[in-house]
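Below is one structure, written out as structure tokens; comments come after it.
The values are calculated or read from the model by the stated rules, or taken from the named source; none is laboratory data. Computed from a prediction, not measured in an experiment: that's the story for all the values here. Cβ placement follows ideal geometry from the backbone for every residue including glycine, while neighbour counts extend to all protein chains displayed. Areas reflect the complete protein model, heavy atoms only, side chains present, ligands, DNA and RNA absent. Shrake-Rupley method; radii C 1.70, N 1.55, O 1.52, S 1.80 Å.
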Protein chains: 2
Amino acid sequence: MDLVIGIDIGGTKTKIGLVDKEGSCLVHSYFRTKEYADFNEFLNKIKSEIDKHAHSFDHDINLIGCGIGAPNASSKNGTLEHAANLKWKGVVPILSLLNEKINLPLRIMNDASAAALGEMLFGNAKNMTDFIVMTLGTGLGAGIVANGQLIEGYDGFAGELGHTDMTIGDGRLTGLNVRGGLEAYVSATGLKRTILYMMSKYMNDSRFRGIAFNDLHGEDITKAAEEGDFIALKAFDYTAKIFGMALANFTAFTQPEAIFLMGGLVNSGKWILEPLERYFEDYLIEVYKGKVKLLRSGLPEKTPAISGAAALIWQNHK
Amino acid sequence: MDLVIGIDIGGTKTKIGLVDKEGSCLVHSYFRTKEYADFNEFLNKIKSEIDKHAHSFDHDINLIGCGIGAPNASSKNGTLEHAANLKWKGVVPILSLLNEKINLPLRIMNDASAAALGEMLFGNAKNMTDFIVMTLGTGLGAGIVANGQLIEGYDGFAGELGHTDMTIGDGRLTGLNVRGGLEAYVSATGLKRTILYMMSKYMNDSRFRGIAFNDLHGEDITKAAEEGDFIALKAFDYTAKIFGMALANFTAFTQPEAIFLMGGLVNSGKWILEPLERYFEDYLIEVYKGKVKLLRSGLPEKTPAISGAAALIWQNHK
């Protein structure tokens, strides 16, 4: 059986799995990215995870390639460059270094672009020519498809929408020092920052007054919203409002038929999605109103990013 | 000789000309759009201008089609829809109505998209696959090319960047009621609004303290800057700063190789372009720095929009 290695390098976790030609992830694992500050050790860890998975089958498998999704990856240069949410700084020639350990066709792309390819090959965008995939993890990324083609950009860095400024230079700083950058508001980290902001703004009681920033997790904020915590509800509404404005802006760029939402923040379910739909529709200008669908990803629920990364290879084997 | 009719419908002027296959405009004229509140009379005026031009040649010409650039035009529907800077409201089926008067192949597109096609066919983008054209007239529009193809969007309305919000809902209103919308700052009208803002902010003397808003023209602001008028200089710097931020945001979307600038505001020359280049480069995130060129249009200096509109037809006759 032919299988593709899919790797998703995230600010928090790195996920690795083996993916069949329907996009199903047959076996997968993850480890914490930040525990591998040395890049060579990071690559060794990847290699050992792949070997473990490859030996877990009791029938023959044939690995035909390895696709990688990562923040600030250049598809054209095969590099990670100046990533805000990764430890390795500067320009890291990841493809050539990984190739020394894995002798297979390799391809890398911005994680959200990989997710967009995955959505086209395996998910809910099979018949669409114009759509955007937004990934909301530690940071915020975008994969943009127009005229049926992924937009990679002149140098392979299209879709870095987490660092677009929403505040004419007067807002929160992102990890790349962009003032008012979107991911400082709309991401797992952005939501946590908004919890602090709302506690600074209001005097209302909240469970979060007893929790340090470093101990704060997205699931806790969802749980607090379910319990009616005022600060959590305010934070979700604020996040949804800014995200709705941003998506209305992005619509004006390529006018997508649909925008797919993926990643940690989406796990907060209706607390983020219901106000988002309302704000988004409200902020769209007339010519776009009622025409842009907000959709969930159709990739496998537990391993969307791995399937997306594998799509980089499967795209050329279909 | 084969010629194409090129029409540019702007908020202030409508321009009409006949364009050869090299993109040169052999004869042209314009009239004031706002004097034709009745749409049928507007179309009759267009028809009579075309007839006048067609009869001005002393050799045989063959009109092979008519291309139209206009704000808020849908290439896919053949309509003008909810245009902020035009008198005719709602949805105007311009192509079918014009076809009753002109029996030629007709095509319409957002004016900035037409300019982008023109730049690819006749101008400075002949060998580029990823670029953006910004038109800065009464409003602000964008024509976006990625992977060598114009991005039209699901419904033909891509590139309406004048109505993207730069201020998370806390700024000037555009003609479509978008708060903080870019064209409320960066356009001929936006610059005039900024003159008022700077006079409200500072007490410095200025020639503009004696001029009413309705009597204010872009050329006067350029002239004032040349004379060292404090308010004019502040206004250009502020416009350039916001535009630089906006272009840095747009770069994060499709990562163009170049951004072309066209339209009235560009006529202010170094007063807008020098600070713009500085701010733009400053606001780009690391992966884009030094990679995106800001260029002037290579279309005929006096009739770029007419040549752009004609490109809609010439595109299919090359």
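Here are the numbers for this structure:
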read-out: Selection count, region A:22-71, where residues are closer than 22 Å to A:E100 by Cβ, within 18 Å of the chain's Cα centre (by Cα) and crowded, with 22+ Cβ neighbours inside 10 Å; value: 5
read-out: Counted residues, region A:200-223 - those being buried (at least 17 other Cβ atoms within 10 Å of the Cβ), assigned to a helix (DSSP H, G or I) and more than 24 Å from the chain's Cα centre (by Cα); value: 1
read-out: Selection count where residues are surrounded by fewer than 24 Cβ atoms within 10 Å (Cβ to Cβ) and either hydroxyl-bearing (S, T, Y) or out of contact with any strand residue (DSSP E or B) (no Cβ under 6 Å at 6 or more places or on another chain) (or both), scope region B:153-164; value: 2
read-out: Residues located in region B:181-199, provided they are within 14 Å of another protein chain (Cβ to nearest Cβ) and outside any strand (DSSP E or B); value: B:L182, B:E183, B:A184, B:Y185, B:V186, B:G190, B:T194, B:Y197
read-out: Criterion: farther than 30 Å from B:I7 by Cα, within 14 Å of another protein chain (Cβ to nearest Cβ), more than 19 Å from the chain's Cα centre (by Cα) and not in a helix (DSSP H, G or I) - qualifying residue of B:K291, B:K241; value: B:K291
read-out: Residue count, region A:224-238 (criterion: assigned to a helix (DSSP H, G or I) and not aliphatic (A, V, I, L, M)); value: 6
read-out: Members of region B:10-21 found to be at pLDDT below 95 and open to solvent by 30 Å² or more (accessible area, probe 1.4 Å), listed by number; value: B:T12, B:K13
read-out: Counted residues, region B:1-42 - those being in contact (Cβ under 8 Å) with a residue 40 or more places away in the chain and within 24 Å of B:Q315 (Cβ to Cβ); value: 21
read-out: Selection from region B:250-277 of residues that are within 14 Å of chain A (Cβ to nearest Cβ) and open to solvent by 20 Å² or more (accessible area, probe 1.4 Å); value: B:E257
read-out: Unmet criterion (only one of (1) open to solvent by 40 Å² or more (accessible area, probe 1.4 Å); (2) part of a strand (DSSP E or B); (3) closer than 24 Å to B:A142 by Cβ) for B:I7; value: (1)
read-out: The listed residue being within 13 Å of the chain's Cα centre (by Cα), of a type in the set (S, T, N, Q) and at pLDDT below 95, out of B:N77, B:N127, B:N110; value: B:N110
read-out: Residues being part of a strand (DSSP E or B) and under 21 Å from B:G169 (Cβ atoms) - total across region A:262-288; value: 0
read-out: Residues (in a loop (DSSP other than H, G, I, E, B), within 7 Å of another protein chain (Cβ to nearest Cβ) and of a type in the set (D, E)) located in region A:138-180; value: A:D155, A:E160
read-out: Among the residues listed as A:G118, A:G175, the single one being on the phi < 0 side of the Ramachandran plot and open to solvent by less than 20 Å² (accessible area, probe 1.4 Å); value: A:G118
read-out: Sole residue being of a type in the set (F, W, Y) and free of Cβ contacts under 8 Å to residues at least 40 places away in the same chain, chosen from B:Y283, B:Y288; value: B:Y283
read-out: Positions within region A:124-140 being open to solvent by less than 10 Å² (accessible area, probe 1.4 Å) and either touching a Pro at 6+ places or on another chain (Cβ under 6 Å) or closer than 29 Å to B:K76 by Cα (or both), in sequence order; value: A:A125, A:D130, A:F131, A:I132, A:V133, A:M134
read-out: All positions within region A:229-247 that are of a type outside the set (S, T, Y) and either open to solvent by 10 Å² or more (accessible area, probe 1.4 Å) or over 15 Å from B:V178 (Cα atoms) (or both); value: A:D229, A:F230, A:I231, A:A232, A:L233, A:K234, A:A235, A:F236, A:D237, A:A240, A:K241, A:F243
